[in-house]
Amino acid sequence: MKQKRTYRQKKSKGKIKVVDLFAGCGGLSLGFERKGFNIVAAFDNWEPAIQTYKSNFKHPIFKKDLSDTKNLSEIIALKPTVIIGGPPCQDFSSAGHRNEKLGRADLTISFSEIIAKVQPKYFVMENVPRIQKSKILTSIIKKFKKLGYGLTMTVLDASKCGVPQIRKRFVLIGEMNGQDDFLLHQLTSNLSKEQITLQDYFGDSLGFEYYFRVPRSYSRRGIFSIYEPSMTIRGVDRPVPSGYPGHSADPIKLNSSIRTLTYRERSLIQTFPKSFVFEGSKTNLNQLIGNAVPVKLAEYIAHELKKYIEGSNAKN
């Protein structure tokens, strides 16, 4: 039997208890765990994600339809200090339908309803920047304010948070009885001044200089180099199209040595460690990796939140 790897810290006693909702394969969990939080449980409803999560963490993950917020006894019983989560974003995403009436956007409302019932001291919600234009975000902000949460909202570029990838993400962080923008200065002032490139992160270990990422249309470039951050890792894997005409922004012309990235290379660009175990079909692996929160982005958020919590506790 293959031994399951784990990234759980050895000592968890006294650490801040966290529950991860819509956990996926565990990008947020791993980032928060690496920064000293105690992940006591995770929840998701997609079996491939659950199996991958189980292969990498000792704490439990439970299969649960989080759109059903009537029975939350198991989450309430855990008494988490922090709830983290990235509700599915496809209905907000520029890569998706941009239609919040399709159903998946409702899971953002479910996240807010769970927060309302559990009322953790802190919560962290991650999503795509386009959620800022949605009626759903306006609605849940009103709900959080009514509950008494102070809110910090910002968009972070993962390439300035230790991730060699241009991936912008909206982050909403709440503190019960806190002030608005309580974490905004820390999150924005501690960003790297420059975007990290693939070569900055990997050196020459990837074994190539140029690679192909299938563009959504031929009005966009398809060839990229390791001397820049990767474009956003998506949940699809397509071969180099035979009819690609080239683009004026391509650093070199397409040749037989240029290929698309493997799923493992994309997971590394998402800053998962080499030893992270992915379970499932190729299609599922692509979705798991593309939908994940980059681990280093999660670490960045966790680091700033932990410093704030420890500072607040020291004052009390």
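The values are calculated or read from the model by the stated rules, or taken from the named source; none is laboratory data. Because the structure is predicted, anything quoted here is derived from the model rather than measured. Counting neighbours? That spans all protein chains shown, and the Cβs are built from the backbone with ideal geometry, glycine included.
Structure notes:
- In this structure, Asp237 does satisfy being under 23 Å from the mean Cα position of the chain (by Cα) and surrounded by 11 or more Cβ atoms within 10 Å (Cβ to Cβ).
- Looking only at segment 124-135, and only at residues there that are surrounded by fewer than 20 Cβ atoms within 10 Å (Cβ to Cβ) and farther than 23 Å from Lys193 by Cα, the one that is farthest from the chain's Cα centre (by Cα): Lys135
- Test result for Ile141, surrounded by fewer than 22 Cβ atoms within 10 Å (Cβ to Cβ) and either over 15 Å from Arg169 (Cβ atoms) or of a type in the set (Gly, Ala, Ser) (or both): yes
- Helices (runs of 4 or more DSSP H) wholly inside segment 184-300 containing at least 2 residues that are aliphatic (A, V, I, L, M): 184-189, 263-269, 282-291
- Among the conditions (1) in a helix (DSSP H, G or I); (2) in contact (Cβ under 8 Å) with a residue 40 or more places away in the chain; (3) more than 16 Å from the chain's Cα centre (by Cα); (4) within 26 Å of Pro241 (Cβ to Cβ), Lys306 misses just one, which is (4).
- Being assigned to a loop (DSSP other than H, G, I, E, B), out of contact with any Gly (no Cβ under 9 Å at 6 or more places or on another chain), closer than 27 Å to Asp181 by Cα and modelled with pLDDT of 95 or more is not true of Pro120.
- Complete set of residues in segment 145-159 that are charged (D, E, K, R) and not in a strand (DSSP E or B): Lys145, Lys146
- Failed criterion for Asp250 (all others in (1) surrounded by fewer than 19 Cβ atoms within 10 Å (Cβ to Cβ); (2) closer than 19 Å to Gly86 by Cβ hold): (2)
- Residues being in contact with a helix residue (DSSP H, G or I) (Cβ under 6 Å, 6 or more places away or on another chain) and surrounded by 18 or more Cβ atoms within 10 Å (Cβ to Cβ) are entirely absent from segment 201-220.
The rows are residues; the columns are (1) touching a strand residue (DSSP E or B) at 6+ places or on another chain (Cβ under 9 Å); (2) at pLDDT 95 or above; (3) farther than 30 Å from Met231 by Cα; (4) among the aromatic types (Phe, Trp, Tyr).
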position: Ile84; (1), (2), (3), (4): yes, yes, no, no
position: Cys89; (1), (2), (3), (4): yes, no, no, no
position: His97; (1), (2), (3), (4): no, no, no, no
position: Glu100; (1), (2), (3), (4): no, no, no, no
position: Ala105; (1), (2), (3), (4): no, no, no, no
position: Ile114; (1), (2), (3), (4): yes, yes, yes, no
position: Glu126; (1), (2), (3), (4): yes, yes, no, no
position: Lys146; (1), (2), (3), (4): no, yes, yes, no
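- The set of residues from segment 64-77 being surrounded by 17 or more Cβ atoms within 10 Å (Cβ to Cβ) and part of a helix (DSSP H, G or I) comprises just one member, Ile75.
- A count restricted to segment 257-280 and to residues that are of a type in the set (Gly, Ala, Ser), modelled with pLDDT of 95 or more and over 24 Å from Cys161 (Cα atoms) stands at 1.
- Taking every residue in segment 160-181 that is outside any loop (DSSP other than H, G, I, E, B) and pairing it with any residue that is acidic (Asp, Glu), at least 6 positions away or on another chain, the pairs with Cβ-Cβ distances below 6 Å are Lys168/Asp157; Arg169/Glu126; Val171/Glu126.
- Scanning segment 25-63 for residues that are among the charged types (D, E, K, R) and either part of a strand (DSSP E or B) or surrounded by fewer than 24 Cβ atoms within 10 Å (Cβ to Cβ) (or both) yields Arg34, Lys35, Asp44, Glu47, Lys54, Lys58, Lys63.
- Number of positions in segment 265-283 that are out of contact with any Gly (no Cβ under 8 Å at 6 or more places or on another chain), within 19 Å of Phe57 (Cα to Cα) and not acidic (Asp, Glu): 9
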